[in-house]
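Notes follow once the structure below has been shown.
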Amino acid sequence: MPTFTYDGKTIPFEPGETIIKAAYRQGIEIPHYCWHPGLSSPANCRMCLVEIAPPPGQRGMMLDVLEWDAAIGDYKPRQKPKLQPSCQIPAAEGMQVKGDTSDNVKEARKGVQEFLLLNHPVDCPICDQSGECKLQDYWVEHGQYQKRMRDEPIHKPKAVRFGPSIVYDAERCVMCTRCIRFMDEVAKDPVLDMRERGNLNEIFVAPGKELTGHYTFMTEHVCPVGALTTVDFRFKARVWFLRTAKSVCQGCATGCNSHLDYDPRYNKVYRYRPRDNEQVNAYWMCDEGMVSYKRAHEGRLIEPRVKGSVVAVKKALAEAKSYFEAVPGETVAVVLSAQHSLEDNWALRELAGAYLGTRAIYATGLAEGYHDAILIHEDKNPNTRGVLELASGVRPFSSLLDDIEAGRVTHVIALGGETPADASAELGERAKHALERLQALVVIAAHEGLLAHAAHVLLPAASWAEASGTYVNAKGIHQVTEKAIEPQGASEPAWKLVADVGQALGYDTSWTKLKQVRARWTSAPTVPDATAVSPSPQASQTP
Amino acid sequence: MATATFPKKPPSPNNAYVVAHVEPTPATQVYLPEIFKGLAVAMRHFFRNTKEMVRNERPDPVTESIAQGITTISYPEQKRPYPERFRGLHRLTQRDDGSPRCVACLCCSTACPAQCIFIEAGEYPEGDPRRGYERYPVKFVIDELRCIFCGYCVEACPCDAIRMDTGLHAVPYDSREQFIYRKDLLLAQASRDGSHLTANPRHEPGDETHPGVTREHMTH
Ligand code: SF4
Ligand code: SF4
Ligand code: SF4
Ligand code: SF4
Ligand code: FES
């Protein structure tokens, strides 16, 4: 790999890569506002200027400048090397680049900071970016001057609604055009543009249009300052109170990598932010995914129930045992869930295969929905591939209904509250009647849903935000989420509840730690010989 | 039979030494003379205080600790003047229109070492001139029982919205609930000179003095 040097450090690069990107991949940040690794580079903020030594045998380009000399009280002519934007100059073999070590660069960065802050209202207390703002960070690193402008700053429109989800503040905008370029290049919906010049520069939405669609939240996340805020998050929390867990979006089979920001003091999740992963989601997430953090608190099941009334966990387990006494293995079925992690599903499959001796394995999950060519997948479950990996021949939800109606299945242990029937009235009606015919339905679920409502015994499972888990996305990539908040109410990780149910039924289901679960499924990848043929647990594919 | 054993006294550290040791004398061991000495001191103060009170010769309470005078005052009829920078109970300052200057930035509750400030931020309702670009405290609660009166909240506030210049100190309420000061009470408390406003005004968006621009799409 060819290399160049930045401040004496050797940095390898792919041919054609810009200096800033090569340095970024090495973990060296050259200060920047307008550059974003996933967008084109207009080089309009000039924060990333660097000094590049001229090629051997050539003279560098010099600029004549006048510099104030306090000693003689007059301006003095001087020559300065011409600085170049590292976000647009492709790296070249042996190039010598100076950033922090060059006084000219330092002066330029300070100048750019001062320029950007000329009219910027320093209203950090009411700005939601506070604590995550590049203007603050770089001011501390490269600014630290006294403000020289004594005039009233130019005032520009504040709180302009760009659409249902985004509010714009022109005073805070540094005109980096990242939002414009994002809508243009990634979302392919070029509704944003810039108007006016100089001091009156502002971003606006194309007349007669609104900033809507499936990728409006991303404009807020690419904005390096607090000019764009989302209606969903603004004024809700201060970022310095939030802790972050590396998570995976549960919204669809794309499995976008994300940061789940939560407040440990209130055990509450506040937002999703995209996490860079070139292989999965690059730097982006969709709007539906970004608001799906709310599912950590909405529609949650947090109490064990027996036939709808709240009981203690012990009581619920005893109840489950009484249902399953002296039941022939053939009539017992288990239902895996594409909404749950690999660990949870493994535990249930293990219970089914090794202990219950059932071969009837079914799967549920949400029905298919909207998809596009950018990120959003039609499969709305984060772990369909994972379920198929564990039990390749699982049968869809509708064939569970068939089997119940035909009397082949009378006892069910199911994971996950949601089914494809939740979205369709017709299937829902049928499922309701079928589930009523069951003699026993034990459901381990984190969220409300048809199965959870029909359950005889309901055990509350921890949601993806409350337990670490592995999810396999549509491309087959295994991704592990971190635990964020503590389990709410009486909820516990589903794999643990499965073990408890197994023990209540008298089996030696001995996994009590996440480590054990992971070690066991990787060492013993036995797949029970499920007899059915459907390639996907998506029941919505059947009528 | 097992007897309860108390933990042993830890050994003295190596660098420990006795500061002073008073040899017991017959006078101290009998203790009665010492008691009479103490009573004599108390009676001397009692008669001097009574005499000064009757003759109206009370010394200035500020210099009293220096002067050889009376060392008690008849609180609460008489109060010691507090120093200029005394930290009284909190108040929230108001703008001219009576709205709180606080923008719910949570800087004070972040700085507070006792973690006794709770704030819930919110957006001004539709139609308010500050709607959209300014936050305000929907809830602002200070637990004055937990407060250690360090004044960090006042230092931290970028808006001069919280002050400790009421001149009030916590009076002995009879329930804990009464020490929980909420937004309305905090806004209603005045500074020592009776003002609800700040001594530190500035022009803000929404005020008439503010030289902002207006454009057609600014309203929402
Ligand atoms: S709104 Fe933000 S992202 Fe868009 S140009 Fe302004 S500063 Fe850049
Ligand atoms: S594309 Fe799918 S996984 Fe990615 S953010 Fe959207 S819903 Fe979540
Ligand atoms: S005075 Fe100190 S302890 Fe009391 S509220 Fe302010 S910061 Fe907290
Ligand atoms: S009182 Fe001051 S520091 Fe506290 S939230 Fe309000 S504006 Fe911020
Ligand atoms: S980052 Fe290079 S000019 Fe803006």
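Computed from the coordinates by the stated procedures, all read-outs in this text should not be read as laboratory data. Worth saying up front: this structure is predicted, and the values here are computed from it rather than measured. Backbone-built Cβ (ideal geometry, glycine too); neighbour counts: all protein chains shown.
Computed quantities for the displayed model
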{"quantity": "Cα gyration tensor category, rounded, prolate or oblate, for segment B:88-138 with a/c compared to 1.5", "calculated": "oblate"}
{"quantity": "Distant alpha-carbon pairs in segment A:1-50 (separation over 15 angstrom), percent", "calculated": "43"}
{"quantity": "Range of Cα positions in segment A:305-430 per principal axis (Å), largest first", "calculated": "51, 32, 31"}
{"quantity": "Euclidean distance between Cα centres, segment A:330-401 to segment A:442-477, Å", "calculated": "11"}
{"quantity": "Residues B:142, A:203, A:444, A:154 arranged by fewest to most Cβ contacts within 10 Å", "calculated": "A:154, A:203, B:142, A:444"}
{"quantity": "Folded to 0 to 90 degrees: helix A:514-523 orientation relative to chain A principal axis, Cα", "calculated": "80"}
{"quantity": "Relative pair counts by distance (%), Cα atoms of segment A:157-241, 10 Å bins", "calculated": "18, 56, 23, 3"}
{"quantity": "Residue order, fewest to most beta carbons within 10 Å, for A:307, A:156", "calculated": "A:307, A:156"}
{"quantity": "Tensor-based shape of segment B:94-174 (alpha-carbon gyration tensor, a/c under 1.5 rounded, otherwise prolate or oblate)", "calculated": "prolate"}
{"quantity": "Electrostatic dipole magnitude of segment A:453-519 [Cβ: Lys, Arg +1; Asp, Glu -1; Cα centre; debye, to 20]", "calculated": "280"}
{"quantity": "Options A:336, A:499, B:92, ranked by Cα towards positive dipole end of the protein assembly as shown, top entry (Cβ charges)", "calculated": "B:92"}
{"quantity": "Cα-centre dipole for the protein assembly as shown with unit charges at Cβ (Lys and Arg positive, Asp and Glu negative), debye to 20", "calculated": "1840"}
{"quantity": "Bins of 10 Å, starting at 0 and running to the largest distance - Cα pair percent for chain A", "calculated": "3, 16, 22, 20, 15, 11, 7, 3, 1, 0, 0"}
{"quantity": "Per-residue [θ]222 nm for chain A (sum of -39500 (n - 2.57) over DSSP H runs n ≥ 4, rounded to 500)", "calculated": "-6000 deg cm²/dmol"}
{"quantity": "Whole-Å distance, taken between Cα centres, linking segment A:186-232 and segment B:147-205", "calculated": "40"}
{"quantity": "Taking A:59, B:146, B:95, A:181 and counting other C-beta atoms within 10 Å, the order from fewest to most", "calculated": "A:59, B:146, B:95, A:181"}
{"quantity": "Rg over Rh [alpha-carbon atoms, Kirkwood Rh] for segment A:37-126", "calculated": "1.05"}
{"quantity": "Of A:80/A:110; A:188/A:475; A:9/A:475; A:475/A:515; A:380/A:496; A:106/A:246, those spanning more than 27 Å from alpha-carbon to alpha-carbon", "calculated": "A:9/A:475; A:106/A:246"}
{"quantity": "DSSP bridge pairs, the protein assembly as shown: antiparallel proportion in percent, nearest 5", "calculated": "75"}
{"quantity": "Simple Cβ-charge dipole of segment A:1-99, Lys/Arg +1 and Asp/Glu -1, about Cα centre, in debye nearest 20", "calculated": "60"}
{"quantity": "Prolate/oblate/rounded call for segment A:31-76, Cα gyration tensor, a/c under 1.5 rounded", "calculated": "oblate"}
